[in-house]
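*Asks:* One structure coming up, written as structure tokens, with questions to follow.
Readers should treat all values here as calculations from the given coordinates under stated rules, not as data from a laboratory. Note that the coordinates shown come from a computational prediction; the quantities given were computed from them, not determined experimentally. We place every Cβ from the backbone using ideal geometry, glycine too, and count neighbours over all the protein chains shown.
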Amino acid sequence: MPRPYRWRNRYIWYRTASLSVSEHSLICDLLSASKGFALSLVVLFGIGVYASWGYVSGWWLGLFIVAFIVEASLKVTLSERFRRLTIEKQKRPIWRFLYDAGAAYSSVIYGLAGLAMFVPMPDENRVLLIGVYCTIVCAVATSTAFFQPIARWIIPALVAPTIVALMFSGKPEFWLLTLVIAIGVVGAVYLSSLSQMRYSHVSELNEQNKVLVTKLSAQQQVADEQRCLAEKAVIDKSRFIAAASHDLRQPLHAMTLFHHALRHKSENESNRPLFDSIDNSTFALNAMFDSLLDVSKLDANVVEPEYEPVSIQAVFSLLSQEFQPIAKRKALFLNTSDMDVSLYTDQTLFTRILRNLISNALKFTQRGGVKVDAKLTDEHLLVTVSDTGVGIPDGEHARVFTEFYQLGAEQRHGEAGVGLGLSIVNRLSILLGMQVKLDAMPTGGTRASLIIACSELVDEPGEPEKLDSSYMATEPNALTGLNIIFIDDNDAIRLGMYTLLSQWRCCAVCVADEKEALSRLAELQMTPDLIIGDYQLAGILTGIDAIGTLRSRFSNDLPGMLISGATSPDDLLDIKSSGLPYLTKPVSPEALHQVLSDLVSFRAMVSG
């Protein structure tokens with residue numbers, strides 16, 4: 001491109017292009033220090049006037065003073081105005097022109113001021129002027145060094161008057177000084193070019209960093225929003241599960257009561273298999289709801305371990321009795337080893353962990369069987385549950401411990417479940433300070449290992465936990481003749497409970513709330529012996545409130561218990577803080593009979 005066109009394009013760019021990142025950064029830095037720079041120049045100016053006073057003509061000195069005042073005033077004024085502008089306005093091309101014009105103006109007045117060094121005066125005054133002049137040259141050169149191409153001609157213009165004066169001095173030694181100054185100017189211009197390139201690079205990097213920080217901040221904000229949404233989804237899920245669990249437990253609870261009453265009245269040899277099938281289906285549904293309840297309890301932090309010596313052998317025997325019928329129905333073996341060791345832990349929670357592992361192993365095993373073993377090493381007690389089932393793929397080992405995760409249908413073989421068994425195992429093991437892991441068996445199947453520190457072992461043997469079937473040993477006539485108040489707002493459940501209590505020869509009064517209970521008791525002129533209350537009643541009151549109202553009317557030591565389908569953390573905390581015994585829907589008649597018998601026996605013991 002011909003030179004005239006190049007200069008024309010540069011002129012157009014100069015007048016229209018916005019400031020680059022490096023230009024804007026440099027002007028911001030210089031103008032932000034303009035006040036300090038002006039103050040320094042005032043000091044140097046005063047020293048220079050002092051050194052040249054009486055030797056330089058008055059009109060020349062006065063002209064320089066006016067030029068200096070104009071320069072300082074403009075720099076301070078423009079810097080204040082620049083600081084108030086937005087970044088978009090600060091990048092307008094006019095500020096490039098003002099900066100260049102200011103630099104040119106400074107180089108001219110300070111370059112001409114350097115001629116005062118050649119005026120006849122004492123050497124000490126001249127030396128003082130030379131020092132002031134060199135300081136000003138360094139300051140101006142430094143302030144323009146990073147701003148190309150201005151530095152290419154402003155620095156030479158600053159020292160040009162001095163070089164001309166030295167060349168025409170007629171002294172050869174001054175000519176050598178002129179050469180030295182020229183070499184210094186060329187070096188300064190070259191170094192300023194290198195510095196400007198480095199400054200531009202650093203400015204671009206800073207701008208890129210700002211962009212990255214902005215993007216990262218935006219991404220962090222999005223991540224925080226997604227996290228909040230995920231937390232809200234978990235809360236909504238828990239609320240949905242709690243509501244759905246309670247609503248589904250209601251008809252299941254009523255069905256259990258009606259089924260027990262029907263079986264007690266109509267069972268014979270011909271229909272016993274039908275009743276057994278209903279029992280099995282009810283048991284499966286109840287197991288699912290219990291899993292949901294366990295998760296809700298863990299979420300609510302109401303599960304507090306009660307540590308005591310626990311016999312490993314006793315727990316193995318208990319679980320063997322419980323699961324042998326299931327294993328026989330599937331033609332599987334269930335073997336447990338003999339290990340006479342006791343550990344200090346919560347017996348109920350530890351048993352629940354092994355119960356879930358054995359149940360899971362039997363569910364996924366179609367041939368062979370399950371072996372429960374215990375092995376003592378130098379540092380740990382290993383309790384293992386090994387099966388010969390289809391196994392769990394290596395990539396699924398971590399995922400099976402998450403809530404509601406289930407293997408594919410080909411691995412489940414139609415077995416029912418909600419995907420909470422191993423999640424509960426993981427959370428309970430953490431609560432008890434144990435570690436659980438899965439390994440693939442060399443011959444197929446999976447081995448679940450519960451790793452327990454040897455420090456948890458004790459010498460004192462623990463008492464074995466009893467099976468729920470012990471409820472069946474309770475004599476039916478233990479509750480005969482008792483006046484029992486049952487409070488529930490569900491008509492079907494009230495009818496089922498009335499039928500059940502009547503079969504136990506109780507005098508049952510089944511009502512919807514405490515007001516109806518007081519009215520019916522007054523009508524029948526009856527004093528209650530025991531209260532059964534559903535936790536969630538119609539309105540804002542709960543079964544806890546209803547029991548409290550009846551106790552305040554009759555006796556503070558009137559036995560009471562709760563039946564609840566609640567699974568929300570708040571409800572579980574409320575139930576636990578009440579101190580009332582409670583059963584979770586659907587309630588088995590055997591368990592209900594046992595709790596009622598215990599309450600009556602305890603009251604009789606206290607009264608006697």
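*Asks:* Please order Trp95, Trp53 by the number of other Cβ within 10 Å, starting at the fewest.
*Replies:* Values: Trp95 21, Trp53 12.
By the 10 Å Cβ count, ascending: Trp53, Trp95.
*Asks:* Can you tell me the order of 586-593, 99-106 when each peptide is scored by its average per-residue count of other Cβ atoms within 10 angstrom, highest first?
*Replies:* Numbers: 586-593: 20.0, 99-106: 18.0.
Peptide ranking by packing, descending: 586-593, 99-106.
*Asks:* Can you sort Phe68, Phe37 so the residue with the fewest Cβ neighbours within 10 Å comes first? It would help to have the intermediate numbers written out before the result.
*Replies:* Details: Phe68 21, Phe37 18.
Arranged by neighbour count, lowest to highest, Phe68, Phe37 become Phe37, Phe68.
*Asks:* Within 9 Å, Cβ to Cβ, of Arg603, how many net charges do the neighbouring residues add up to if Lys/Arg are +1 and Asp/Glu are -1? The partial results should precede the final answer.
*Replies:* Working: positive: none; negative: Asp529, Asp557.
Here the count lands on -2.
*Asks:* With a Förster radius of 51 Å, plug the Cβ-Cβ distance of Ala230 and Cys134 into 1/(1 + (r/R0)^6) and report the FRET value to the nearest 0.05. Write out the running numbers ahead of the final one.
*Replies:* Numbers: r = 67 Å, r/R0 = 1.31.
The value I calculate is 0.15.
*Asks:* Just rank Thr480, Thr388, Thr549, fewest to most, by other beta-carbon atoms within 10 angstrom.
*Replies:* Thr480, Thr549, Thr388
*Asks:* Under 12 Å from the Cβ of Ser337, count the other residues' Cβ atoms, weight Lys and Arg +1, Asp and Glu -1, and hand me the total.
*Replies:* Spelling it out: positives minus negatives among the neighbours equals -1.
*Asks:* Over 26 Å between Cα atoms: which of Lys437/Lys576; Lys89/Lys215; Lys363/Lys576 fall into that group?
*Replies:* Cα-Cα > 26 Å for Lys437/Lys576; Lys363/Lys576; rest within.
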